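Undergrad: Before anything else, here's the structure in question.
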Amino acid sequence: MSVGTEREDRPHILRELGHTVRRVGAELHSAATVTPQMHVPGTSRLRTSILATWADTLAGLLAADALAPRVPVTIELDVHLYGPAPASGQVLGVARTIKAGRSIFVAGVEFGSERGTPIAVAAGSFMCAPDPAVRMPAKLSIDTPPSRELLSVPLAERAGCERREPGVAALPRSDDGLNASNTVNGGLIALVIEEALLSLAPGDTLSSLALRYLQPVRIGPAVATATLRDGLGQAELHDSGNGGRLSVTATARTFGRPNAAS
């Protein structure tokens, strides 16, 4: 999940997205302003991986309430856009509980603009972390002011995520990119997978992204390899420092560039 812990030297990478969350009854509502540093390279569109990150955060916070004091870990996460993501303005999110069991939790998220235009829908499934000794931090990112330090460089650069070659991207493990169980944050996993996919489709963006988390990335770098055919992409992510273990699989679709054949 994308609930990170604050470090003394600098804020969590994803806190620099300026995403704020507040409680409204049984729901969680969020808001964030899109900036150029959040755009997909070569476009003026918000990254789909950022929507996935925000969805993971909202759903994960609801899961943390339901499963506390155990730490929820993401099992599956998906986001589907109605159209190309916005270039600017505010993105508002609303998260609701779908199922709250003793060991499994599911939440749904809706994203829209400040004018009420739907942007995307998402869902996340969670389970308790296998290690019962792992506990949630005392303070979660609910009803707190946005970080005073916002992205000053593109997100991939800030996270150290690099495209190694077409279809391959890598992300190092860093202290300011971890989640509550001290493994690589699920939102940053979405970022490196998105980078691997979009390296095969310059100038395009993702219309959907579905992630299946098989095991955490403990050591890194996290290396994603992707294929793309007729707008349908598949990707695998391995923890290269941990024997190359398979950690995440993903499927995605691209919108297709405006000049692409229909």
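The values are calculated or read from the model by the stated rules, or taken from the named source; none is laboratory data. Just so it is clear, the model here is predicted, and its values are computed rather than measured. In this analysis, Cβ positions are derived from the backbone assuming ideal geometry, glycine residues included, and neighbour counts consider all displayed protein chains. Note: areas computed on protein heavy atoms with side chains; ligands, DNA, RNA excluded. Shrake-Rupley method; radii C 1.70, N 1.55, O 1.52, S 1.80 Å.
Undergrad: Based only on Cα atoms, what mean projected area does the convex hull of the stretch 15-102 have, in nm²?
TA: Working: hull surface 26.1 nm².
For the stretch 15-102, the mean projected area of the Cα convex hull comes to 6.5 nm².
Undergrad: Tell me, which longest segment in the chain has none of the GluC sites (Glu not before Pro) that fall in DSSP loops with at most 16 further Cβ atoms within 10 Å? Please report the intermediate quantities before stating the final value.
TA: Details: sites that count: E6, E8, E114, E149.
After excluding every exposed loop site, the longest remaining stretch is 150-262.
Undergrad: Skipping prolines and chain starts, which residues have an amide H placed within reach, meaning under 5 Å, of the one on I98, given they are 5 or more residues away or on another chain?
TA: Sorted by chain and number, the residues that satisfy this are V106, A107, G108.
Undergrad: Moving on to the next point. Using a 1.4 Å probe, what is the accessible area per residue for the chain, in Å²? Show your work: numbers first, answer last.
TA: Values: 11790 Å² over 262 residues.
For the chain, the solvent-accessible area averages 45 Å² per residue.
Undergrad: Take the solvent-accessible surface of the protein heavy atoms, probe 1.4 Å, and return the percent of it on the chain that carbon and sulfur atoms account for. Could the numbers behind the result be given before it?
TA: Numbers: 5950 of 11790 Å².
The value for the chain is 50 percent carbon and sulfur by accessible area.
Undergrad: Please report the spacing between the Cα centers of the stretch 166-209 and the stretch 76-107 in Å, no decimals.
TA: Answer, in whole Å: 18.
Undergrad: Just round it to a whole percent: the fraction of Cα-Cα distances in the stretch 96-211 exceeding 16 Å. Don't jump to the answer; show the numbers that get you there.
TA: Details: 4990 of 6670 pairs.
For the stretch 96-211, the fraction of Cα-Cα distances above 16 Å is 75 percent.
Undergrad: At R0 = 22 Å, how high is the FRET efficiency between A26 and S103 if r is their beta carbon distance? Nearest 0.05 is fine.
TA: 0.60
Undergrad: What relative contact order, as a whole-number percentage, does the chain give when Cα pairs under 8 Å and 6 or more residues apart are counted? Let's see the in-between values first.
TA: Values: 664 pairs, mean separation 55.7, N = 262.
Relative CO of the chain lands at 21 percent.
Undergrad: State log₁₀ I(q)/I(0) for the chain at q = 0.09 Å⁻¹ as given by the Debye formula over alpha-carbon point scatterers of equal weight, solvent excluded.
TA: For the chain at q = 0.09 Å⁻¹, log10 I(q)/I(0) is -0.35.
Undergrad: Another question, if that's okay. Cut-off 10 angstrom, C-alpha nodes, Gaussian network model of the chain. Which of D175, D143, D78 fluctuates the most?
TA: D143
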